[in-house]
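Participant: Below: one structure in structure tokens.
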Amino acid sequence: MNPSTDRRAYTRAFYQGNRLNFALALLFTVLSTGAMLYLSWVLGEVTNLMAASDLDELGRTLSVTLISLAGILAVELLTYYYKSRFIHKAMRQYKDLAFSRLSEKSISAFSRETTSRYLSALTNDANSVEENYLNRSLLLIYHGALFVGGMTMMLAMSWQLALAAIVLCLIPIACALAMGGGLARRERAMSDQNERFVAQVKDFLSGFSIIKSFKAEGEVKQLFCATNAETERVKERRRRWEGMLSGATQVCGVLLQMGIFFIGAWLAITGSIQMGTVLVILNLCNCFTAPIQIVPQYWASRKAALALVDKLDQVTRENAGRSGRAIPPVLKQAIALEGVSFGYEEGRPVLQGLSIRFEPGKRYAVVGPSGSGKSTLLSLLMGAYHSYTGSITIDGQQLREVDPDSLYDLMSLIGQNVFLFDDTITRNLTLFRDFPAQQVEDAVQRSGLSALVEQRGADYRCGENGVGLSGGERQRVSIARALLRGTPVLLLDEATAALDNQTAYEVTDGILSLEGLTRIVVTHRLDAALMQRYDEILVLKDGRLLESGTFRELMQAKKYFYSLFTLSEG
Ligand code: ADP
Ligand code: MG
């Protein structure tokens, strides 16, 4: 087991504010085992009355038993009631904790992993934890209590027989201990495979239209069949192991029962115990063999479920959000890069030796061919990667040491990929937060969304990932989101790429006209009228800053920007 995992937070989540439910579930569980033992005892009593031919006593015993049955029924119902209350709250808190830990992750940590890991942990694995850990823990206690109670009663009635039972019990226990680890391994393998399965299905569903239009259904079906087969194979391996375990313990249980039966018969025949006692003990044996069969099996699956809790702990712990020093949401001096180099992979630099100063309230354009590192530069500014060399400072504060939360209050990024929730336009703009209506209206207007909102209404549902909106509309939603958040620094990464020329011009013009904001705009639209409005144009090529200056300066220099511009004009 990974030493860095600590499942305690999760096991605490099961019991937090839930101890009373757990204690009551436990109490009634134990009481219900008492009922089982009581019924065995009644059996022995009635047998002895039979032998004594005592009709009066039989009637009395019958009425006492009937009254007790009502009590037993009540105990059973209360057991289920409190058990279900306990499990309900435990699972809710468990998944809530997992999700809140997940949302604490940093963006870069999150995007390094696949969402299917989390999906599987919150769905399949959670179900398995509920059944195999929570439910079975209580069943374990039930069977454990039954075992202890039955054993005590047996010892009281005949120590010879009880001793024989103890010795015979050791066989199934040893067997379960030997096989339990194997089951835990297979349980984890099953969860891993499930994760791969979910990932693939998710991929195929997201890429459905591409698959269809490339007529790749056959190939995709084959890939699916292979993963599906492997998933079922892994599940079968686990099932087989569980079957073997339960088979082995069952055989041991029969051995135990027969052993006790024959020894009991021998003791009765030789006259050291009564016939009635043999009957009681034989019956007790039932509430005795069940635990022997079930306890080891449940213990093993409980262990396997705990391995899943460990796994959840691992995926929600790794690269958890960094905290750092909070910065105020204002830019006073500058965001300054000095000799910044960065690469995603070892030996393949994407940015090289960048030194740039972004000053408050100014407008910057970042231009350059595709792959020159423009998006990477913006990602670095948003604190997505800390593995760069050189220094990036915000008003003198090293970016690496800045608390990401406060960074997001200073800057927002409008990217190329816009994610929309399957919710109303308004809630997609506000991202479920509350803003004054006037502010929302303002953002709608400035991002050019007014027509859409008028046409379809602010309560129009955007569909899964915004299928109900066009690419341009989606992009305007993301612009409106950023305007609404009102961070003093705005980063735009080809944010108007999906808009037609006229709209792109209007939206960019709107953004450039905002007073007091620092804007860093990555663009491939080299429109002269817009270009003239930037305080500085930064030209990137192969990760290097080739030139920088105002539009006029760069055009006069007649170097790389000039050729880019004239090319785009032509
Ligand atoms: P631009 O935005 O100027 O088109 P990018 O910053 O997106 O360029 O990419 C610069 C280079 O970095 C490209 O060669 C691209 O393949 C590579 N790159 C971008 N993102 C990643 C990533 N997440 N992992 C590895 N390489 C990446
Ligand atoms: Mg890019």
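Participant: Any idea what the dipole of segment 212-265 comes to, in debye rounded to 20, about its Cα centre with Lys/Arg Cβ at +1 and Asp/Glu Cβ at -1?
Facilitator: 160
Participant: Just to confirm a number: summing +1 for Lys and Arg and -1 for Asp and Glu over residues other than N48 whose beta-carbon lies under 15 angstrom from that of N48, what do you get?
Facilitator: Local net charge: -3.
Participant: On the Cα set of segment 180-327, report Rg and Dmax in Å, please.
Facilitator: Over segment 180-327's Cα set, Rg and Dmax evaluate to 26.2, 89 Å.
Participant: Taking every Cα atom in segment 386-445, find the radius of gyration and the maximum pairwise distance Dmax, and write them in Å.
Facilitator: Values for segment 386-445 (Cα only, Rg and Dmax): 16.1, 44 Å.
Participant: Here's another thing I want to ask about it. Sticking with the crude label model, points 7 Å out along Cα→Cβ, report the distance from S103 to S391 in nm, one decimal please.
Facilitator: The modelled label-to-label distance comes out at 3.7 nm.
Participant: Let me ask something else about it. When the expected Rg is taken as 2.2 N^0.38 Å, what fraction or multiple of it is the alpha-carbon Rg of the chain? Spell out each step's value before the answer.
Facilitator: Working: Rg = 35.2 Å, N = 570, 2.2 N^0.38 = 24.5 Å.
Output field value: 1.43.
Participant: Going 7 Å from the Cα of K362 in the Cα-to-Cβ direction, what parts of segment 391-412 have a backbone nitrogen less than 17 Å from that spot?
Facilitator: What the label zone holds, given the 17 Å backbone N cut-off, is 392-396.
Participant: Shape of segment 424-525 from its Cα gyration tensor (a ≥ b ≥ c, root eigenvalues): rounded if a/c is under 1.5, otherwise prolate when a/b > b/c, or oblate? The partial results should precede the final answer.
Facilitator: Numbers: a/c = 1.75, a/b = 1.24, b/c = 1.41.
Because a/c hits 1.5 or more and a/b fails to exceed b/c, segment 424-525 counts as oblate.
Participant: Here is a follow-up. Tally Lys/Arg at +1 and Asp/Glu at -1 over every other residue whose Cβ is under 15 Å from the Cβ of G276; what's the total?
Facilitator: Computed value for this residue: -3.
Participant: Extending each Cα 7 Å along its Cβ direction at L205 and A437, get the distance between those two points in nm, one decimal.
Facilitator: Taking the two extended label points, one gets 3.8 nm.
Participant: Now, a different point. From the phi of every residue in segment 457-466, what ³J(HN,Hα) in whole Hz does the Karplus formula 6.51 cos²θ - 1.76 cosθ + 1.60 yield, where θ is phi - 60° and glycine or proline is x?
Facilitator: Using θ = phi - 60°, the values come out as x, 5, 9, 5, 7, 7, x, 4, 6, x Hz.
Participant: State, to one decimal in nm, how far the label point of F110 lies from the label point of R92, with both points 7 Å from Cα in the Cβ direction.
Facilitator: So the two model labels end up 2.5 nm from each other.
Participant: Right, another one. Compute the Cα gyration tensor for segment 336-385, then decide on rounded, prolate or oblate, letting a ≥ b ≥ c be the square roots of its eigenvalues: rounded whenever a/c is under 1.5, prolate when a/b is larger than b/c in the other cases, and oblate in all that remain. Intermediate values should be presented prior to the final figure.
Facilitator: Working: a/c = 1.93, a/b = 1.55, b/c = 1.24.
Taking the square roots of the gyration eigenvalues as a ≥ b ≥ c, segment 336-385 is prolate.
Participant: Further, regarding this structure: Sorted by mean Cβ packing within 10 Å, highest first, what order do the peptides 475-484, 508-517, 114-123 take?
Facilitator: By packing density, highest mean first, the sequence is 475-484, 114-123, 508-517.
Participant: Under 5 Å between amide H atoms, partner at least 5 residues away or on a different chain: which partners does S341 have, H built in plane at 1.01 Å?
Facilitator: Placed amide hydrogens put G353, L354, T389, G390 under 5 Å from S341.
Participant: Next question. Remind me, relative contact order of segment 490-544 in percent, using alpha carbon pairs under 8 angstrom and six or more residues apart?
Facilitator: Relative CO of segment 490-544 lands at 44 percent.
Participant: Right, something else. May I ask you to derive the relative contact order of segment 194-351, considering only C-alpha pairs under 8 Å and at least 6 residues apart, and to give it as an integer percent?
Facilitator: With pairs under 8 Å counted, the relative contact order is 15 percent.
Participant: Suppose we look only past 22 Å in the calculated P(r) of segment 1-149. What percent of the Cα-Cα pairs does that tail hold?
Facilitator: In whole percent, the long-distance tail amounts to 57.
Participant: Shape call for segment 527-570 from the C-alpha gyration tensor, a ≥ b ≥ c root eigenvalues: rounded (a/c under 1.5), prolate (a/b greater than b/c) or oblate? Kindly include the intermediate steps, with their values, before the conclusion.
Facilitator: Details: a/c = 1.61, a/b = 1.17, b/c = 1.37.
Oblate shape, in that a/c is at least 1.5 and b/c is the bigger or equal ratio.
Participant: Quick one: which of 80-93, 533-546, 266-279 comes out on top by average Cβ neighbours within 10 Å, and what's the full order, highest first?
Facilitator: Numbers: 80-93: 17.6, 533-546: 19.6, 266-279: 15.9.
By packing density, highest mean first, the sequence is 533-546, 80-93, 266-279.
Participant: Find out how many positive minus negative residues lie around G353, taking Lys and Arg as positive, Asp and Glu as negative, among other residues whose Cβ is under 15 Å from that of G353. Intermediate values should be presented prior to the final figure.
Facilitator: Details: positive: R357, K541, R544; negative: E338, D542, E547.
Net charge in that neighbourhood comes out at 0.
Participant: Next question, about the same structure. With +1 on each Lys and Arg Cβ and -1 on each Asp and Glu Cβ, and nothing else charged, work out how big the dipole of the chain is about its Cα centre, in Debye to the nearest 20.
Facilitator: Computed charge dipole of the chain: roughly 760 debye.
Participant: Hey, can you grab everything whose amide H is under 5 Å from the amide H of I414? Only 5+ residues off in sequence or another chain; H modelled, so Pro and N-termini drop out.
Facilitator: Here the answer is L491, L492, D493, since their amide H atoms fall under 5 Å of that of I414.
Participant: How long is the gain from T424 to M244 if the chain were fully straight, where each residue apart is worth 0.36 nm and the alpha carbon distance is subtracted?
Facilitator: Using 0.36 nm per residue and subtracting the Cα-Cα distance, I get 59.5 nm.
Every number here is computed from the coordinates shown, using simple stated rules; none is lab data. Worth saying up front: this structure is predicted, and the values here are computed from it rather than measured. So basically every Cβ, Gly included, is an ideal-geometry build from the backbone, and we count neighbours across all protein chains shown.
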